[in-house]
Structures are given as structure tokens and as C-alpha cells.
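This report concerns only the one structure given below.
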Amino acid sequence: MKYDCYLIGPVSLDYDEAFDGVVYYTADRERRTATVRGTMDPFRAADIPDVEAEIFQMAGLIYGDYDYELFPFLAKKGKVACDMQGFLRRAEDGALLFYDWEEKKDYLPYITYLKTDAAEAEIMTGLSDRREAAKKLFDWGAKEIMITHHTEVLVYDGETFYTCPIRARNLSGRTGRGDSTFGSYITERIDKNIPDALLYASALVSLKMETFGPFKGNRRDVEEYIQELYPEY
């Protein structure tokens, strides 16, 4: 059996079980802090079952979730998708802080699909312009860059910038925006082009953010949402 996407991450650990007191500081919920309850031992190559997959997704919560040997190991097996939050967020005396990933230039070349939010992209590149940040991450070796923002989702493949707006009518379910966007995007990319995958992911996360908790809808719900709120597409 070959999987479309094989996720490697602390998925059995609910976000609210990992972090205490998530506080948002702006109306768009772009800036937030949290207190860390605990961390785990890293995933290693020896922990990965002998499975085949089109994409291997590293969806960590915090720095230290993965041993770096996983990058070359997984890249030999399939495409690697990686959310940078698991490499920038660190626990220090219970606080959740963000730092640049010092080893980024060594391991970005192993990544096909890379995701950051706007703040994380700036931490990694020093650039507040999302397009320039995406260019820099591509130059460092990642092959397809996604940067999420409260206004839009941007994807860059080294040649073209693609964007699609976020049209959530409220932000009740803001937590989990990046995971929902990236997860739906990479699974769509298995048999869809970038614009189609980006539209689907942007619509899905917009719908997800209108309700607290994980996305519980189906494809038809997303397609109806596109018809209603993305008519120009």
C-alpha cells in the first residue's frame, strides 16, 4: 500500500494539551504567545515504519520534535513537506519563544513543500516582504514555498507567485490555520496544479476558521464555500 501523504508528528497530542493560555495580541490574531506544558523525544529514522508515500509531512509543534537524520532519510523515500513552526518555536522556562533555525541552509534543500506564516518567514529571512522572503527560502533550497497571512495565502515555486485571499467571515477558529492550510494544500498537490490546490486550501481554511476546533467538513462543503465566497474563481 502506498499512502498519498504520510504525516509524522505529535498528532495524538491536542494543541490545548501542549500549550496553556494562548493569548492573541491583535485583532487579526497574527501575534500570540503561549505557555508550554511539555515536550517529547524526537522522531528518528528508526521510528518510521517501512511505508511508501508520495509525500512525507513533518508537522511538528516545537523545536526538537525531529532528529535531523530524517531529512535525507525521507527525501530518499518521497517528497518532504515541512512546517517551519516545528523548527522555530522553542520552550524556555515554560515560555514559547521563536528563534531562527540555524541549520536551515543545510536542510532546506531536502524540502519540496515548505510552509511558514508571515512572522516565521521574517524570522528566518529578516525580510518583512513576503514575496522577497519566499524568494530567499527558495534560493536556500526549498522547492515550493507557502507563506500564510491573515489576508491571503502565497505560494512561490521559483518562477511564479500565486496568491489566494482568506475570506473567513470570523476568526473563532483561528488556531490551527497553518496546519489546515498546509495539510489540505499538499494533499491536493498530488494531482492538482498550484492554483487549484491553493484555492481549495484557502477556502477550506477560511471555512475552518469560522468555527472553533479542527475542520469537520467534507469536500462538498468546501466546494460550496468556493461557489459562495470565491465566485471569480
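Scanning for something β-branched (Val, Ile, Thr) and out of contact with any Phe, Trp or Tyr (no Cβ under 8 Å at 6 or more places or on another chain), does the range 96-117 turn up at least one residue?
The answer is yes; a qualifying residue exists.
Among the residues of the range 96-105, which ones are surrounded by 17 or more Cβ atoms within 10 Å (Cβ to Cβ) and part of a loop (DSSP other than H, G, I, E, B)? Hit for the range 96-105 is Trp101, nothing else. Screening Glu52 on (1) over 17 Å from Ile186 (Cα atoms); (2) touching a strand residue (DSSP E or B) at 6+ places or on another chain (Cβ under 8 Å); (3) not hydrophobic (A, V, I, L, M, F, W, C) shows it passes everything except condition (1).
Modelled with pLDDT of 85 or more and either part of a loop (DSSP other than H, G, I, E, B) or among the polar types (S, T, N, Q) (or both) - does that describe any residue in the range 31-38? Please lay out each step first, then the result.
Our first condition is that a residue be modelled with pLDDT of 85 or more; within the range 31-38, this holds for none.
No - not one qualifying residue is present in the range 31-38.
Summed over the range 61-88, the residues that are out of contact with any strand residue (DSSP E or B) (no Cβ under 6 Å at 6 or more places or on another chain) and at negative phi give a count of 15.
The combined condition, being loosely packed, with under 15 Cβ neighbours inside 10 Å, outside any helix (DSSP H, G or I) and either of a type outside the set (S, T, N, Q) or at pLDDT 95 or above (or both), is fulfilled by Gly217. The residue pairs whose first member lies in the range 161-179 and is in contact (Cβ under 8 Å) with a residue 12 or more places away in the chain and of a type in the set (Phe, Trp, Tyr), whose second member is crowded, with 21+ Cβ neighbours inside 10 Å and outside any loop (DSSP other than H, G, I, E, B), and whose beta carbons are closer than 9 Å, counting only pairs six or more residues apart or on different chains, are Phe161/Ala134; Phe161/Leu154; Phe161/Val155; Tyr162/Val153; Tyr162/Leu154; Tyr162/Val155; Tyr162/Tyr156; Tyr162/Leu198.
The values are calculated or read from the model by the stated rules, or taken from the named source; none is laboratory data. Being a predicted model, the structure only gives us computed values, none of them experimental. In this analysis, Cβ positions are derived from the backbone assuming ideal geometry, glycine residues included, and neighbour counts consider all displayed protein chains.
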